[in-house]
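Engineer: Dumping the structure here so I can ask a few things about it.
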């Protein structure tokens, strides 16, 4: 089903809980109530043909409330409109950073939900194995939050397995060497916008 028609179908199936669809450069998205995500995902898969979960990602609107947004990208593979994409978006508050897991609908949600939990601290209720996937167990921070500094934060975790002290910015592991663009200026976006960027090699 084409994405605009899928949005209309969602609006009829869940009246008052699905916002107005938005289109940007051929991509369609719609915001839905947070408590609707599992039912909406099941409806997309079982009734509208969106049989593949491409990704789950999150955004931190630090300073605003609701602070977080979780974005689900679905795709309809096969059929007359092969590779039709649709994004569902939900708002998540800082006071209750949780949302229902959709792993019972899309098994592929497993690692996506774990990554969002690991990086942003949003929990997925009903996930059977919600543990960190990139950082080590017991790490007390969430690195993709806007208030997490680029150089990291100290932790008092014993043993090895990760940074326990802030990483140096100058020459550190998170700073890439910038390209020189445009050449006549001898400068780059990275040089002017990234703190303590490594000097370009000529």
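Engineer: I need a count of the residues in segment 45-57 that are buried (at least 20 other Cβ atoms within 10 Å of the Cβ) and under 18 Å from residue 114 (Cβ atoms).
Structural biologist: Total meeting the criteria: 2.
Engineer: Being at pLDDT 95 or above and not in a helix (DSSP H, G or I), is that true of even one residue in segment 2-14?
Structural biologist: Within segment 2-14, one or more residues are at pLDDT 95 or above and not in a helix (DSSP H, G or I).
Engineer: Out of (1) in contact (Cβ under 8 Å) with a residue 40 or more places away in the chain; (2) over 22 Å from residue 22 (Cβ atoms), what's the single condition that is false for residue 79?
Structural biologist: (1)
Engineer: Could you list, in sequence order, the residues of segment 58-77 that are closer than 18 Å to residue 114 by Cβ and surrounded by 17 or more Cβ atoms within 10 Å (Cβ to Cβ)?
Structural biologist: Across segment 58-77, the qualifying residues are 58, 60, 68, 70, 72, 73.
Engineer: Do you know which residues across segment 86-133 are on the phi > 0 side of the Ramachandran plot and touching a strand residue (DSSP E or B) at 6+ places or on another chain (Cβ under 7 Å)?
Structural biologist: To start, the set of residues in segment 86-133 that are on the phi > 0 side of the Ramachandran plot comprises 121, 126.
Correct list: 126 only.
Engineer: Only residues in segment 96-108 that are closer than 15 Å to residue 75 by Cβ count as the first member; pair them with residues that are part of a strand (DSSP E or B) and at pLDDT 95 or above, Cβ under 7 angstrom, at least 6 apart or cross-chain, and list the lot.
Structural biologist: Within 7 Å, the pairs are 106/53; 108/53.
Engineer: I've got another one for you. Name the one entry in 85, 127 that is in contact with a helix residue (DSSP H, G or I) (Cβ under 6 Å, 6 or more places away or on another chain) and surrounded by 15 or more Cβ atoms within 10 Å (Cβ to Cβ).
Structural biologist: Step by step, each of 85, 127 is checked, and only 127 is in contact with a helix residue (DSSP H, G or I) (Cβ under 6 Å, 6 or more places away or on another chain) and surrounded by 15 or more Cβ atoms within 10 Å (Cβ to Cβ).
The values are calculated or read from the model by the stated rules, or taken from the named source; none is laboratory data. Because the structure is predicted, anything quoted here is derived from the model rather than measured. Counting neighbours? That spans all protein chains shown, and the Cβs are built from the backbone with ideal geometry, glycine included.
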